[in-house]
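> So that we are looking at the same thing, I have put the structure below in structure tokens.
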Amino acid sequence: MSTDANAVIPVSELNRRVRSALEGEFPLQWIAGEISNLTRAASGHVYFSLKDESAQARCVMFRSRAQAIPWRLENGQQVEARALVTLYEPRGDFQLGVESLRRAGLGRLFEAFARLKERLEAEGMFAGDRKRPLPTFPRTIGVIASTQAAALRDVLAALRRRAPHLGVVLYPSLVQGEGAGERIADAIAVAGARMECDVLLVVRGGGSIEDLWAFNEECVARAIATSPLPVVSGIGHETDHTIADFVADMRAATPTAAAELATQHWFAARQHLVEQESSLLRSCRRTLDQAQYAIDQLAWHLVHPSTRLEQLRTALDLLASRMKSTLPEMLRHTQSRLNQATLALGRAAPRTAAASGRIKLLAQRLLASAQQRHAERLGHVYQLEKSLQHLNPAHTLARGYAVARDSNGAVILDAKTLSRGQAVTVQFAHGTIDASILAVRPG
């Protein structure tokens, strides 16, 4: 950044430019050193110095970042800090803004972890097709754990709770520290050689990467891969992953979860049996209740024959008494209805004498009317006959008229339609003549 040497700037501007220059020149990077002058503020922020043999730098780690550290920070700890080089402008203090911390040497451990993981994965040791399914109903479960570890107690408690009938074989081993990897691998080999269990649980509680490092060693990975027994790894917590987890036939988030995976079908079957037992008990109770009800019904109907006869005799007497008391009333009621029906029938009977006289009168009137109607019709017919006689052409001919027809038989109405010499037929009242036209006089 170029500036004018003669320009005058305030201190705040100088500090701002220095901060920008530092943060632009030095990105986030890992810095190794020893913690000293550690101070925890009431706000939760942590202040300390990171030093080596010849220098130190002030550091600040804000509350949200400090809470993510899985161990307690103390003076004298060797750490590696991922920090941003900056300047605290109000005081002009050079400092490191720490984003995360890890114990010194963890970077090398992570690198070794990554290299081994990459190499074993290239060999196909993590491939899904080589992983074996867990037995559905194992009889005996093998456990590789430290005898003093809480993880073993958690596993045994889970097995007792979920499948108390199963046998458990413990293969004790160191799970942390020098030589722990070889001890774990030997325990896996012993379990595979004895073949006295159906599934093998390799478990350990949570811890730092150094605490879990034995499960990142190649000898453990190869022992799991070559074991004739299916292996379930239950190492650390949910977020912890080791090489053994990738090689194992199945990974569980915790030791307790490993025990649950190995007994999942036994537990489900046990739950199913409990449900079936409850259902069977309910069915038995329901059947017994129904049978008891049927017995009660039968007992109510089951009486001594003499008692039953006495009951029937009493009922018969009661019916006879009721019949004696109700029969006269029924007869009176029936007689009353019969009398009413007789009266109604008498009122509805036809009066034949009056009807007969009326029928004779109507017959006489009908006959007279028919005769009168016949006479009127006959007179009308006579009138029509006279009218027809007047219209009859024969009567016209009888008065001296004649009808002339041409050769086709058509009546000649106009003399102009005729020509001299044309043949015609003339019809009289009596007879017909054939004639020829001598002359035509149209007027």
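> Answer with yes or no whether residue 53 is of a type in the set (D, E, K, R), in the same structural domain as residue 212 (by TED's automatic domain parsing) and at pLDDT 85 or above.
So residue 53 does not fit the description; no.
> Evaluate region 122-140: report whether one residue or more is among the β-branched types (Val, Ile, Thr), under 30 Å from residue 37 (Cα atoms), surrounded by 12 or more Cβ atoms within 10 Å (Cβ to Cβ) and out of contact with any Pro (no Cβ under 8 Å at 6 or more places or on another chain).
no
> Does residue 223 satisfy being crowded, with 21+ Cβ neighbours inside 10 Å and either β-branched (Val, Ile, Thr) or touching a Ser or Thr at 6+ places or on another chain (Cβ under 9 Å) (or both)?
So residue 223 fails the test.
> Hey, does region 276-294 have a residue that's of a type in the set (Phe, Trp, Tyr) and either assigned by TED's automatic domain parsing to the domain that holds residue 163 or over 60 Å from the mean Cα position of the chain (by Cα) (or both)?
no
> Could you please find all residues in region 202-224 being outside any helix (DSSP H, G or I) and either farther than 17 Å from residue 110 by Cβ or modelled with pLDDT of 90 or more (or both)?
Hits for region 202-224 are 202, 203, 204, 205, 206.
> For region 236-272, how many residues meet the condition of being at pLDDT 90 or above, closer than 18 Å to residue 180 by Cβ and outside any helix (DSSP H, G or I)?
1
> Here's a follow-up. Tally the residues that are within 60 Å of the chain's Cα centre (by Cα) and part of a strand (DSSP E or B), restricting the search to region 43-86.
15
> State the number of residues belonging to region 404-443 that are of a type in the set (A, V, I, L, M, F, W, C), out of contact with any Leu (no Cβ under 7 Å at 6 or more places or on another chain) and closer than 30 Å to residue 385 by Cα.
5
> All but one of (1) among the polar types (S, T, N, Q); (2) outside any loop (DSSP other than H, G, I, E, B); (3) surrounded by fewer than 23 Cβ atoms within 10 Å (Cβ to Cβ) hold for residue 233; state the number of the condition that does not hold.
Here residue 233 meets the rest and fails (3).
> Continuing with this model, one more query. Considering only residues that are touching a residue at least 40 places away in the same chain (Cβ under 8 Å), β-branched (Val, Ile, Thr) and out of contact with any strand residue (DSSP E or B) (no Cβ under 9 Å at 6 or more places or on another chain), which ones fall in region 235-292?
Of everything in region 235-292, just one residue is touching a residue at least 40 places away in the same chain (Cβ under 8 Å), β-branched (Val, Ile, Thr) and out of contact with any strand residue (DSSP E or B) (no Cβ under 9 Å at 6 or more places or on another chain), namely 243.
> Here's another thing I want to ask about it. Restricted to region 363-406, and to residues that are closer than 23 Å to residue 434 by Cα and modelled with pLDDT of 85 or more, which residue is surrounded by the most Cβ atoms within 10 Å (Cβ to Cβ)?
The selected residue is 404.
> So, one more: Answer yes if at least one residue in region 54-75 is in contact (Cβ under 8 Å) with a residue 60 or more places away in the chain, exposed (fewer than 15 other Cβ atoms within 10 Å of the Cβ) and out of contact with any His (no Cβ under 7 Å at 6 or more places or on another chain), and no otherwise.
Checked region 54-75: at least one residue is in contact (Cβ under 8 Å) with a residue 60 or more places away in the chain, exposed (fewer than 15 other Cβ atoms within 10 Å of the Cβ) and out of contact with any His (no Cβ under 7 Å at 6 or more places or on another chain).
> Which ones in region 139-154 are within 18 Å of residue 260 (Cβ to Cβ) and β-branched (Val, Ile, Thr)?
Answer for region 139-154, where residues must be within 18 Å of residue 260 (Cβ to Cβ) and β-branched (Val, Ile, Thr): 140, 141, 143, 144.
The values are calculated or read from the model by the stated rules, or taken from the named source; none is laboratory data. Predicted model, so just to flag it, every value in this text is computed and none were measured. Glycine also receives a Cβ, built like all others from the backbone with ideal geometry; neighbour counts cover every protein chain displayed.
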